[in-house]
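*Asks:* Structure below; questions to follow.
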Amino acid sequence: MKKAQIIVIGNGMVGYKFCEKLKSKSESFDLIVFGEECRRAYDRVHLSEYFNGKTAEDLSLSTATWYEEQNITLFLSNPIVKIDRDFKMVYAADGLSYAYDYLVFATGSAAFVPTIPGVEKDGVFVYRTIEDLELISEFAKKAKTGAVIGGGLLGLEAAKALIDLGIEQTHIIEFAPRLMPRQIDPAGSEMLKSKLADLGLKIHLNKNTTSIEGEEKIIAMQFSDDTKLEVDMLVISAGIKPRDELAKACGIEVGPRGGILVNEKMQTNDPSVFAIGECALYDGMIYGLIAPGYEMAEVLAANLCEGNKEFTGFDMSTKLKLIGIDVASFGDNFIDEPDCRTIIFENKHKGIYSRINVSNDGQHLLGGILIGDATAYNMLLQTVNNKIVLPENPEELIFGSRSGGDGVEGAGIVSLPDSALICSCEGVSKGDICGAVTNLNCENLDDIKKCTKAGTGCGGCIPMVKDLMVHTFKSQGKYIKNVICEHFNYSRQELFDLIHIHELKSYDEVLNEFGKNDGCEVCKPLVSSLLASLWNEMILKKGNDVAQDSNDRFLANIQKGGSYSVVPRVPGGEITPDKLIIIGEVAKKYNLYTKITGGQRIDMFGAHLNDLPVIWEELIAAGFESGHAYGKGLRTVKSCVGSTWCRFGLHDSVSYAIRIEERYRGIRAPHKFKSAVSGCIRECAEAQSKDFGIIATEKGWNLYVCGNGGSKPQHALLLATDLDSETCIKYIDRFLMFYIRTADPLTRTATWLNKMEGGIDYLRNVVINDSLGMAAQWEQEIENLISSYKCEWKEAVENPAIRKRFSHFVNAPEEKDPTIEFVDMRGQKRVAEWKTV
Amino acid sequence: MTETSNWLAACRVEDAVENGGVCVKNGEEQIALFYFKRRNEWFATQNECPHRKQMALSRGMIGSTTDEPKVACPFHKKTFSLHTGECLSGDECGAIKTYPVKIDNGVVYIGKYPK
Ligand code: SRM
Ligand SMILES: Cc1cc2nc3c(=O)[nH]c(=O)nc-3n(C[C@H](O)[C@H](O)[C@H](O)COP(=O)(O)OP(=O)(O)OC[C@H]3O[C@@H](n4cnc5c(N)ncnc54)[C@H](O)[C@@H]3O)c2cc1C
Ligand code: SF4
Ligand code: FES
């Protein structure tokens, strides 16, 4: 018998999900998909990540071969242009026609562009497809100022993208008197406004654009209040318009303001024609979110396979994924007194605004708004959706949100019914997740993702999935420890002690004694780092070279394209003119790109693997040594100029910085660590952003610890005041050894402290009062590390067996990798872009 | 002489890196050769990582998952099976080519045609 033929129009997110769901349920259909775009369906929700380096392929929802494997015929760049319902035929742009038994519209929507005179000008864009983003990023190269029309969810995302593209002045133009008018209230909007202003965005509310000025290209926007704004480019993000034009043309009923009318079975007025996703109008509503679209795909796929599912509307709660700012709304967010009681918490200093709407009897949570801190979002949403009875003091729900762990959050998970929908994109319930842990033996997030698909959509539920996993472990009495990987059933700290007690010196010995199988890219560098922290032996000896990350194995950081960087140590940032000349000469000779780093030294990029030993030989001959820019160890100790030159300087910060840097150079730790010494409280060396930082006082040095720059900046905390130079070093010794011995792999000191019970007070007690009685031992251990220091590069170039490894081809040792490409930029070379896949 | 035409003499056993990789030049092509000493096995794959097209796999760390031998690219740690070439990192960058290897008289030979 011939299989029934289904034609899907549109290969967007929902169209793809429909194919996936249908194929997983039944083989009794022939499926043909027509896409208008030139690419396979991709993740539009995370479109903006395209600007953060994700490629079109990264965003793709399937592999290149998926459709073929599933026996689905896929046409790309081939939209359907006409439908003949009497003959059940569709006509595609390439001129061919195809017959269907069932027709599915998954045509999504287009950006809504208001009819403002001038919208057709160059430099005016919408934000919907990868092509749109390509055009925007190309144009942004020559633009200095930009604007976005629309202060809603998508508008804000587009505005952030413009900033990330380097548009220094980005404006948001919103017609309504507040931002995100569909999600947040006026007070929330005010808070969000000030947070966005901190990001550098200029926000204009109550603004109605009347025309776009310029000859061919936009130069300014004109508003109804007679004001004008000069801009080089404009992104319109004023809402969406369902793509119902084809449906309308063939007589399918559409809504008065657009959208293909469907019933709860996703069926249109023609029983063999369906619509799902953003083109479908259900109960007067277009659902501009992915989760309801996926639910529609599920309903339709199930019904075509003789199931009986209904779409009955969907929760529109959302969390904005704008990097850096938490914004969320859930449930009935706008309901007001007297229909409910609202509890509002506002902290202008921290930029936090939380509002929850509680039923008048105090029993249930109806909805709310969170700005600045949305950690409680998942739990609050569950409380609304599952009608969980509120605690006596419902305000704890928002005040308690910071406490995390077993606080309100933890208690909350337990009270959720098994049916509670945790991942709404993929429709995964609490029961499914806990079941995956108990019955399918999922042991980590990846396992759970594979087994249940939870967390693979927008990703918003991941924190809760993790909490549920841990909770299920605990309730099963499983002792959860952070085991390293499948090869070692120990935590880092346990393995540290084992290696120490058994005096093991190489990765293979450790694996033989305490591990199993062959090891992997997780345990190898970890064990190597432990060995280095314990014995400080040359890391490339005893077969340990192949157990190192590429960077450690070749004593240099690998760069895009496969070349390496060369970073000699410049203690305290102090360097003589002669040494500067040497760096210049070496860089010239080996054609290296040079740059002053953020750590007060000079980085030379673009060295061929083969050249590394000769480059270092020359540098070492001139008195340089390895800067360990590649290892998890001490990076730099920055200094300010201090009392030798500066009129405010209290002590000689440069000399002290050099002393510190030379003391701890080469010591390996769970992660890199950095330091700085400032000569007075003006803090020009930025010591309070370092793993340990020292600031001169009238009476000595103040010692700060556990600061961090990077993606989650954190100020260092004051550990001790007015120390003399020797005591300060003694405390640092103890602090570092405590860190080296107890921190998890790849954990900076800041994170280590954040997880430490008792926090800075506990740490102070350990370091200063020796509460663990370890001080003497640690001081001895660090002395051993310090006295065994040797420059790794010196050892490498002097050892022929190690040196031999620095060639690209084993069978042509003189030849360099011919595939490395450089291009010219401002008179130096730079590496060519990733070759696109 | 059919033997030699299908096999490339890559290097001597002692030139290869124990429990690690080296890169072998085969005309225009680059092949990564791995000596898995712990398992006493040899593997060869293309040297280019399909993720960002980097000539890097020979500089990656080798290891295993359950019993499957694998290599991790040094750039973004995508892992590939040394047996089948399949990408093991879930997010699919496509498989890599693998080649047969044989040892004869202390010399490592790599098959010129992928498995
Ligand atoms: C070269 C340099 C940028 C520059 O041109 O200025 C740089 C370059 C890199 N940084 Fe950095 N960081 C550089 C200063 C910094 C600073 C500023 C500082 O040290 O004062 C920071 C913030 C301070 C901090 O660490 O707290 C910084 C925070 C990071 C982070 C985030 C760490 C965190 O805890 O969040 C990473 C990622 C990581 O280590 O995992 C990183 C990682 C990297 C890597 C290693 C990325 C990589 O794997 O390739 C880059 C290596 C380039 C190379 O081969 O040398 N780099 N990086 C700077 C080298 C300083 C030096 O002389 O050694
Ligand atoms: C920047 C951005 C951020 C977003 N962020 C979020 C978010 O955080 N959370 C969230 O839930 N949602 C978000 N969304 C919305 C989400 O992406 C959409 O809800 C989802 O993509 C809708 O899927 P769809 O398949 O219905 O439509 P689409 O993904 O638009 O797919 C429709 C496809 O059909 C094609 N098509 C149209 N007509 C034809 C034709 N005649 N023939 C053939 N093909 C045709 C179109 O070209 C398109 O490829 C965001 C959207 C954007 C643009
Ligand atoms: S140098 Fe540091 S901040 Fe700059 S791109 Fe590399 S890791 Fe990121
Ligand atoms: S280039 Fe190999 S993992 Fe990215």
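The values are calculated or read from the model by the stated rules, or taken from the named source; none is laboratory data. All figures in this text were calculated on a predicted structure; none of them were measured in a lab. Every residue, glycine as well, gets a Cβ built from its backbone with ideal geometry; the counts of neighbours run over all protein chains shown. SASA here: full protein model, heavy atoms, side chains in, ligands and nucleic acids out. Shrake-Rupley method; radii C 1.70, N 1.55, O 1.52, S 1.80 Å.
*Asks:* Out of the residues in region B:43-71 meeting the condition of being more than 8 Å from chain A (Cβ to nearest Cβ) and outside any strand (DSSP E or B), tell me which one is nearest to ligand 2 (Cβ to nearest atom).
*Replies:* It comes out as B:57.
*Asks:* Do you know which of the residues in region A:82-125 that are modelled with pLDDT under 95 and polar (S, T, N, Q) is least open to solvent (accessible area, probe 1.4 Å)?
*Replies:* A:97
*Asks:* Between A:546, A:510, which is closer than 30 Å to residue A:830 by Cα and under 35 Å from the mean Cα position of the chain (by Cα)? Break it down into steps so the answer makes sense when it comes.
*Replies:* Numbers: A:510 fails: closer than 30 Å to residue A:830 by Cα.
When all the criteria are applied, what remains is A:546.
*Asks:* In region B:90-115, what residues are at the interface with chain A (Cβ under 10 Å from one of its Cβ atoms) and either assigned to a loop (DSSP other than H, G, I, E, B) or within 16 Å of ligand 2 (Cβ to nearest atom) (or both)?
*Replies:* B:90, B:91, B:92, B:93, B:94
*Asks:* It is to be established whether one or more residues within region A:473-495 are within 11 Å of chain B (Cβ to nearest Cβ), among the hydrophobic types (A, V, I, L, M, F, W, C) and either closer than 30 Å to residue A:417 by Cβ or open to solvent by 60 Å² or more (accessible area, probe 1.4 Å) (or both).
*Replies:* Here is the first cut: in region A:473-495, the ones within 11 Å of chain B (Cβ to nearest Cβ) are A:485-487.
Okay, now just the ones that are also among the hydrophobic types (A, V, I, L, M, F, W, C), so A:485.
When the remaining residues are screened for being either closer than 30 Å to residue A:417 by Cβ or open to solvent by 60 Å² or more (accessible area, probe 1.4 Å) (or both), the result is none.
So far as region A:473-495 goes, no, none of its residues is within 11 Å of chain B (Cβ to nearest Cβ), among the hydrophobic types (A, V, I, L, M, F, W, C) and either closer than 30 Å to residue A:417 by Cβ or open to solvent by 60 Å² or more (accessible area, probe 1.4 Å) (or both).
*Asks:* Next up: Being under 16 Å from residue B:102 (Cα atoms) and of a type in the set (A, V, I, L, M, F, W, C) is true for just one of B:56, B:72, B:44. Which residue is that?
*Replies:* Values: B:56 fails: under 16 Å from residue B:102 (Cα atoms); B:72 fails: under 16 Å from residue B:102 (Cα atoms).
After ruling out the rest, the residue left standing is B:44.
*Asks:* Continuing with the same structure: Exactly one of (1) more than 16 Å from residue A:569 (Cα to Cα); (2) touching a helix residue (DSSP H, G or I) at 6+ places or on another chain (Cβ under 9 Å) is unmet by residue A:675. Its number?
*Replies:* So the condition that residue A:675 fails would be (1).
*Asks:* Among the listed residues A:591, A:557, identify the single one that is within 14 Å of another protein chain (Cβ to nearest Cβ) and open to solvent by 30 Å² or more (accessible area, probe 1.4 Å). Please lay out each step first, then the result.
*Replies:* Numbers: A:591 fails: within 14 Å of another protein chain (Cβ to nearest Cβ).
Unique residue meeting the criteria: A:557.
*Asks:* Being more than 12 Å from ligand 4 (Cβ to nearest atom) and of a type in the set (Lys, Arg), is that true of even one residue in region B:55-67?
*Replies:* No, region B:55-67 contains no residue that is more than 12 Å from ligand 4 (Cβ to nearest atom) and of a type in the set (Lys, Arg).
*Asks:* Further question on the same structure: Would you check if residue A:579 is at pLDDT 95 or above and either touching a helix residue (DSSP H, G or I) at 6+ places or on another chain (Cβ under 9 Å) or over 18 Å from residue A:666 (Cα atoms) (or both)?
*Replies:* Numbers: at pLDDT 95 or above: yes; either touching a helix residue (DSSP H, G or I) at 6+ places or on another chain (Cβ under 9 Å) or over 18 Å from residue A:666 (Cα atoms) (or both): yes.
Yes, satisfied.
Quick grid of which residues meet (1) β-branched (Val, Ile, Thr); (2) within 16 Å of ligand 4 (Cβ to nearest atom):
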| position | (1), (2) |
| --- | --- |
| A:34 | no, no |
| A:42 | no, no |
| A:59 | no, yes |
| A:66 | no, no |
| A:76 | no, no |
| A:107 | yes, no |
| A:110 | no, no |
| A:121 | no, no |
| A:125 | no, no |
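*Asks:* For region A:1-52, which positions are β-branched (Val, Ile, Thr), in contact (Cβ under 8 Å) with a residue 60 or more places away in the chain and more than 8 Å from ligand 2 (Cβ to nearest atom)? Steps first, answer last, please.
*Replies:* The initial filter retains those residues of region A:1-52 that are β-branched (Val, Ile, Thr), namely A:6-9, A:14, A:32-33, A:45.
Next, only the ones that are in contact (Cβ under 8 Å) with a residue 60 or more places away in the chain stay: A:6-9, A:14, A:32, A:45.
Across region A:1-52, the qualifying residues are A:6, A:7, A:8, A:32.
*Asks:* Check A:524, A:516 and return the single one that is open to solvent by less than 40 Å² (accessible area, probe 1.4 Å), over 20 Å from residue A:791 (Cα atoms) and among the charged types (D, E, K, R).
*Replies:* Details: A:516 fails: open to solvent by less than 40 Å² (accessible area, probe 1.4 Å).
Going through A:524, A:516 in turn, just one is open to solvent by less than 40 Å² (accessible area, probe 1.4 Å), over 20 Å from residue A:791 (Cα atoms) and among the charged types (D, E, K, R): A:524.
*Asks:* Report, by residue number, each residue of region A:594-611 that is in a loop (DSSP other than H, G, I, E, B), touching a strand residue (DSSP E or B) at 6+ places or on another chain (Cβ under 7 Å) and open to solvent by 20 Å² or more (accessible area, probe 1.4 Å).
*Replies:* So the first thing to find is which residues in region A:594-611 are in a loop (DSSP other than H, G, I, E, B), and the list is A:597-601, A:608.
Checking which are touching a strand residue (DSSP E or B) at 6+ places or on another chain (Cβ under 7 Å) leaves us with A:597, A:599-601.
Within region A:594-611, A:597, A:600 qualify.
*Asks:* A further question on this structure: I'm trying to understand the selection: among the residues of region B:23-42, which are facing another protein chain (nearest Cβ under 9 Å) and open to solvent by less than 20 Å² (accessible area, probe 1.4 Å)?
*Replies:* Taking region B:23-42 as the starting set, the residues that turn out to be facing another protein chain (nearest Cβ under 9 Å) are B:23-26, B:28, B:30, B:33, B:36-39.
Answer for region B:23-42, where residues must be facing another protein chain (nearest Cβ under 9 Å) and open to solvent by less than 20 Å² (accessible area, probe 1.4 Å): B:23, B:24, B:30, B:33, B:36.
*Asks:* Do we find that residue B:10 is within 14 Å of the chain's Cα centre (by Cα) and either of a type in the set (Asp, Glu) or more than 7 Å from chain A (Cβ to nearest Cβ) (or both) in this structure? Lay out the reasoning, then the answer.
*Replies:* Working: within 14 Å of the chain's Cα centre (by Cα): yes; either of a type in the set (Asp, Glu) or more than 7 Å from chain A (Cβ to nearest Cβ) (or both): no.
For residue B:10, the condition - within 14 Å of the chain's Cα centre (by Cα) and either of a type in the set (Asp, Glu) or more than 7 Å from chain A (Cβ to nearest Cβ) (or both) - is not met.
*Asks:* Follow-up. When you check residue A:430 against the structure, is it without any contact (Cβ under 8 Å) to a residue 40 or more places away in the chain, closer than 25 Å to residue A:289 by Cβ, among the basic types (Lys, Arg) and more than 14 Å from chain B (Cβ to nearest Cβ), yes or no? Give the steps one after another, and end with the answer.
*Replies:* On the way: without any contact (Cβ under 8 Å) to a residue 40 or more places away in the chain: yes; closer than 25 Å to residue A:289 by Cβ: yes; among the basic types (Lys, Arg): yes; more than 14 Å from chain B (Cβ to nearest Cβ): yes.
Spelling it out, residue A:430 is indeed without any contact (Cβ under 8 Å) to a residue 40 or more places away in the chain, closer than 25 Å to residue A:289 by Cβ, among the basic types (Lys, Arg) and more than 14 Å from chain B (Cβ to nearest Cβ).
Yes or no, residue by residue, for (1) charged (D, E, K, R); (2) free of Cβ contacts under 8 Å to residues at least 40 places away in the same chain:
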position	(1), (2)
A:804	yes, yes
A:808	no, no
A:811	no, yes
A:814	yes, no
A:818	no, yes
A:825	no, yes
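For (1) closer than 15 Å to residue A:601 by Cβ; (2) surrounded by fewer than 23 Cβ atoms within 10 Å (Cβ to Cβ); (3) in contact (Cβ under 8 Å) with a residue 24 or more places away in the chain; (4) within 15 Å of ligand 1 (Cβ to nearest atom), each residue gets a yes or a no:
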residue: A:613; (1), (2), (3), (4): no, yes, yes, no
residue: A:617; (1), (2), (3), (4): no, yes, yes, no
residue: A:620; (1), (2), (3), (4): no, yes, yes, no
residue: A:638; (1), (2), (3), (4): yes, no, yes, yes
residue: A:647; (1), (2), (3), (4): no, yes, no, no
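*Asks:* Regarding residue A:62, is this residue of a type in the set (Ser, Thr, Tyr), assigned to a loop (DSSP other than H, G, I, E, B) and over 30 Å from residue A:455 (Cβ atoms)? Show your work before the answer.
*Replies:* On the way: of a type in the set (Ser, Thr, Tyr): yes; assigned to a loop (DSSP other than H, G, I, E, B): yes; over 30 Å from residue A:455 (Cβ atoms): no.
For residue A:62, the condition - of a type in the set (Ser, Thr, Tyr), assigned to a loop (DSSP other than H, G, I, E, B) and over 30 Å from residue A:455 (Cβ atoms) - is not met.
*Asks:* Under the condition of being free of Cβ contacts under 8 Å to residues at least 60 places away in the same chain and touching a helix residue (DSSP H, G or I) at 6+ places or on another chain (Cβ under 7 Å), which residue from region A:532-545 is nearest to the other protein chains (Cβ to nearest Cβ)?
*Replies:* The selected residue is A:543.
*Asks:* Another question, if that's okay. Against the conditions (1) within 9 Å of the chain's Cα centre (by Cα); (2) within 16 Å of ligand 1 (Cβ to nearest atom), where does residue B:54 fall short? Just the number, please.
*Replies:* Here residue B:54 clears every test but (1).
*Asks:* Continuing with this model, one more query. Against the definition (within 20 Å of residue A:596 (Cα to Cα) and at pLDDT below 95), how does residue A:623 come out, yes or no?
*Replies:* Values: within 20 Å of residue A:596 (Cα to Cα): yes; at pLDDT below 95: no.
It is false that residue A:623 is within 20 Å of residue A:596 (Cα to Cα) and at pLDDT below 95.
*Asks:* State which residue is nearest to ligand 2 (Cβ to nearest atom) when the search covers only region A:65-82 and only residues that are under 21 Å from residue A:3 (Cα atoms) and not in a helix (DSSP H, G or I).
*Replies:* Step one: list which residues in region A:65-82 are under 21 Å from residue A:3 (Cα atoms), which gives A:66-75.
In the following step, the residues that additionally are not in a helix (DSSP H, G or I) were identified as A:70-75.
On the way: A:70: 18, A:71: 20, A:72: 15, A:73: 14, A:74: 11, A:75: 8 Å.
Checking each candidate, the answer is A:75.
*Asks:* Still on this structure, please answer the following. Would you point out the residue of region B:76-87, among those that are surrounded by fewer than 21 Cβ atoms within 10 Å (Cβ to Cβ) and farther than 19 Å from residue B:114 by Cα, that is nearest to ligand 4 (Cβ to nearest atom)?
*Replies:* B:76
*Asks:* With the condition being within 14 Å of another protein chain (Cβ to nearest Cβ) and open to solvent by 60 Å² or more (accessible area, probe 1.4 Å), I'd like the helices (runs of 4 or more DSSP H) fully within region A:766-837 carrying at least 1 qualifying residues. Walk me through it before giving the result.
*Replies:* Numbers: elements: A:775-787, A:792-798, A:800-803.
Output list reads A:800-803.
*Asks:* Answer yes if at least one residue in region A:707-728 is within 19 Å of residue A:533 (Cβ to Cβ), at pLDDT 95 or above and either more than 16 Å from ligand 2 (Cβ to nearest atom) or hydroxyl-bearing (Ser, Thr, Tyr) (or both), and no otherwise.
*Replies:* So in region A:707-728, the residues within 19 Å of residue A:533 (Cβ to Cβ) come out as none.
Within region A:707-728 (the criterion being within 19 Å of residue A:533 (Cβ to Cβ), at pLDDT 95 or above and either more than 16 Å from ligand 2 (Cβ to nearest atom) or hydroxyl-bearing (Ser, Thr, Tyr) (or both)), the answer is no, since none of the residues qualifies.
*Asks:* Just the residues that are within 30 Å of the chain's Cα centre (by Cα), among the acidic types (Asp, Glu) and over 24 Å from residue A:4 (Cα atoms), please, taken from region A:277-304.
*Replies:* A:278
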